[in-house]
Each structure stands twice: as C-alpha cells, then as structure tokens.
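Please read the structure below before turning to the comments.
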Amino acid sequence: RQRALGASASLTAFSLAATGLLSAAALGVLGAAGVVFGDRTDLVSSLLGLAALLAAGTTVFALVRHPRPMRRAADAVLGRLARTWHVAAGLRRGIDSALDELGGVRLARRVWLLGFGFALANWAADLVCLLAACFAWGIHPDLVTAVLAYTAGMAAASTVPLLPGVLGAVE
C-alpha cells in the first residue's frame with residue numbers, strides 16, 4: 001500500500017522495520033510488567049531480553065542515521081563480488097541510493113514515543129479482548145497470569161511462523 005502511494009522501497013522497508021521494532025518493544029514491556037507485578041523468577045531474563053531488543057533496534061537506527069560503516073562493509077563485499085559478478089556495480093548503486101535515502105529520515109523523538117504508545121495500546125487492547133473472552137466463558141484468570149500467557153503466546157506466534165497465518169502457534 002505504501003508503494004502504491006509513492007513511497008520508495010527503502011522507505012517502505014524502513015517503516016515496516018520501525019513499526020515491527022516498536023511493536024516488539026511494546027510487547028516486551030507488557031511482558032516485563034507482568035513479570036514485575038507477578039512471579040519475579042523470570043525478571044532478569046525478561047529484562048535482559050528487552051534490553052537486547054532495544055540495543056539491537058538502537059544499533060540499526062544508528063547505522064541508518066550514520067551509514068558510513070554500512071557503506072564501507074557493502075563496498076568491501078561488493079568490491080570482491082564485482083570481480084566475478086557483473087551485477088555487483090548496479091547493486092552497489094542501489095545500496096548507495098537506499099542508504100542515502102534512509103540517512104535523510106529524521107523523525108522527532110515525539111513521533112517514536114507516539115508510535116510506541118500506539119503499539120502498547122494495541123497489545124493492551126488485544127489483551128483486554130482475551131480477558132473479555134475468558135470472562136464470557138466464565139473463566140476468571142489472574143491478571144498477571146493472563147498477561148504472561150498472552151505475551152508468551154504472542155511472542156511465540158511472531159517468532160515461530162511455521163504454519164500459514166501462524167495457525168496453531170497461539171492456540
């Protein structure tokens with residue numbers, strides 16, 4: 001849809017990666033909150049996982065904003081490939097163009113926080129729907145247990161897409 005509206009391929013990929021990262025971070029925060037307010041046996045591993053996710057995201061966005069290291073790595077790899085692969089020069093131009101375009105992306109901190117807030121609200125609303133379905137069936141789960149089960153199920157569904165439409169992972 002973004003491409004149909006005129007966005008370039010690199011900006012479309014950037015927006016998908018950014019929203020995916022914000023969504024994963026929001027789910028991690030929701031799960032960490034469940035651990036903090038519930039059974040604290042997994043607190044360290046939850047916080048370490050969240051910190052690793054945030055560090056990876058920060059690294060990716062730093063490389064996009066300051067593309068010199070990525071450009072050097074691409075030049076080294078493509079320079080070697082250019083000797084045997086004639087398409088490497090065109091690929092190098094494409095990578096340079098994408099890095100130039102992504103280097104121009106400047107979003108205010110407010111935009112990132114707003115995106116994170118919307119992602120967190122989305123996960124929380126989904127959790128509320130799960131709780132409403134439980135109550136409709138006469139099941140009254142503990143809130144912390146429901147949060148932990150929900151975040152574990154959603155994390156499994158997003159990281160283990162073995163079946164079409166991730167059918168079965170959450171169920």
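Screening PRO141 on (1) part of a helix (DSSP H, G or I); (2) at pLDDT 75 or above shows it passes everything except condition (1). Taking each residue of region 104-123 that is farther than 14 Å from GLY20 by Cα and looking for partners that are open to solvent by less than 70 Å² (accessible area, probe 1.4 Å) with beta-carbon atoms closer than 8 Å, six or more apart or interchain, yields VAL105/LEU11; VAL105/PHE14; VAL105/VAL64. Spot the failing condition for LEU107; the list is (1) in a helix (DSSP H, G or I); (2) modelled with pLDDT of 70 or more, and only one is missed. Among (1) in a helix (DSSP H, G or I); (2) modelled with pLDDT of 70 or more, the lone unmet condition for LEU107 is (1). Candidates are the residues of region 119-138 that are part of a helix (DSSP H, G or I) and farther than 17 Å from ALA33 by Cβ; the one that is most open to solvent (accessible area, probe 1.4 Å) is PHE135.
Entry remark, region 1-16: residues being in contact with a helix residue (DSSP H, G or I) (Cβ under 7 Å, 6 or more places away or on another chain) and either in contact (Cβ under 8 Å) with a residue 12 or more places away in the chain or assigned to a helix (DSSP H, G or I) (or both) number 5 in total.
Scanning region 16-29 for residues that are surrounded by 14 or more Cβ atoms within 10 Å (Cβ to Cβ) and of a type in the set (S, T, N, Q) gives a single hit, SER23.
The values are calculated or read from the model by the stated rules, or taken from the named source; none is laboratory data. None of the values given here were measured: they were computed from a predicted structure. Don't worry about glycine lacking a Cβ; one is built from the backbone with ideal geometry, like all the others, and counts go over all protein chains shown. Ligands, DNA and RNA are stripped out before the accessible areas are found, and what is left, the full protein with its side chains, is counted by its heavy atoms. Shrake-Rupley method; radii C 1.70, N 1.55, O 1.52, S 1.80 Å.
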